[in-house]
Amino acid sequence: MEFNHKILVVDDEPNLRTTLSLILQRDGYVVTTAGGADEAHEKLQAQAFDLVFLDIKMPKKSGLMLLTEIKQLFPDLPVLLLTAFASLDSAIEAVRRGAADYLLKPIDPPQILSRVRQVLSEQQPNRRRAIMNEMQRLLGELNEIDGFHTEETPGQATPAEESERYLRRGPFILDLHTRVASLNTEELSLTPTGFDYLTVLMRFSPNTLGYQKLVLEAQGYETTPIEAKEVTRWRIHELRKAIEQDSRNPRYLITVRGEGYRLVT
């Protein structure tokens, strides 16, 4: 780990807070805990965090309400939901509202750490892109001050680098290094997990991917058939809003009833 990421764990169960904190701390993360929404707000205002774990069912203020408030204050802060299977519908709603993902209780340490690493790694390309854009802007200002202008000449990649970096299917192009997706040369606005789903669908296109296979390939964990169907339903709904002209009559993302989804280009 290049530096110690800071993680906030919000849960009203002391035992779970302690257990999850130990799991994360043993992997090198700096962990802060909160027992409810008010305490979480105080911690979020006091310091910056790289990731938040949030329990959906909490007294006084639900995790869904707190999630909405967090995303309003810190739109780019990834939030992972913790939930029991009985609250699966709420978890799906939370993902729709902007949560990065949800994990089922009782917590599974390898799954927790794997998902944390994936979510945190997804933030790096966005940071790198922002830094590069700012560097280009500053370079342009320096050139203006010095009285000359230089044309941008992007470096030429070798064929091997091109094949490793870009994934192309019909009008879709994915830059796997910067995690930028485009359709007919227009950049798509995708969530990090949405990008992962589109990547998997493109790799397997035009074959049908079953619900469980799609979750496993895109998010890295196994699910029950019922859970997988619900999870993929919302993820496909998000993708369709981003890539389809009419999400109710999709041109690219096709539902194969009772089986899964496929991408047709």
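Numbers at a glance
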{"read-out": "Unmet criterion (only one of (1) closer than 25 Å to HIS237 by Cβ; (2) of a type outside the set (A, V, I, L, M, F, W, C); (3) over 19 Å from the mean Cα position of the chain (by Cα)) for PRO109", "value": "(1)"}
{"read-out": "Single residue of segment 40-57 satisfying the filter (among the acidic types (Asp, Glu) and in contact (Cβ under 8 Å) with a residue 24 or more places away in the chain) that is surrounded by the fewest Cβ atoms within 10 Å (Cβ to Cβ)", "value": "ASP50"}
{"read-out": "Residue that is surrounded by the fewest Cβ atoms within 10 Å (Cβ to Cβ), among those in segment 155-184 that are assigned to a loop (DSSP other than H, G, I, E, B) and modelled with pLDDT of 90 or more", "value": "ASN184"}
{"read-out": "Residue list for segment 246-259, restricted to those being among the small types (Gly, Ala, Ser) and within 24 Å of ILE173 (Cβ to Cβ)", "value": "SER247"}
{"read-out": "Scan of segment 1-48 for residues that are of a type in the set (A, V, I, L, M) and part of a loop (DSSP other than H, G, I, E, B), ordered by number", "value": "MET1, ALA48"}
{"read-out": "Residues that are in contact with a strand residue (DSSP E or B) (Cβ under 9 Å, 6 or more places away or on another chain) and charged (D, E, K, R), drawn from segment 186-217", "value": "GLU187, ARG203, LYS213, GLU217"}
{"read-out": "Hey, ASN15 touching a residue at least 12 places away in the same chain (Cβ under 8 Å) and either over 17 Å from VAL119 (Cα atoms) or touching a strand residue (DSSP E or B) at 6+ places or on another chain (Cβ under 8 Å) (or both) or not", "value": "no"}
{"read-out": "Residue that is surrounded by the fewest Cβ atoms within 10 Å (Cβ to Cβ) [pool: residues in segment 212-229 that are of a type outside the set (Val, Ile, Thr) and either within 13 Å of THR193 (Cβ to Cβ) or within 14 Å of the chain's Cα centre (by Cα) (or both)]", "value": "GLY220"}
{"read-out": "Residue within segment 237-255 that is surrounded by 17 or more Cβ atoms within 10 Å (Cβ to Cβ), touching a strand residue (DSSP E or B) at 6+ places or on another chain (Cβ under 7 Å), in a helix (DSSP H, G or I) and among the aromatic types (Phe, Trp, Tyr) present", "value": "no"}
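The values are calculated or read from the model by the stated rules, or taken from the named source; none is laboratory data. Every value quoted in this text rests on a predicted model; they were computed, and no experiment measured them. Neighbour counts run over all protein chains shown; Cβ positions are idealised from the backbone, glycine included.
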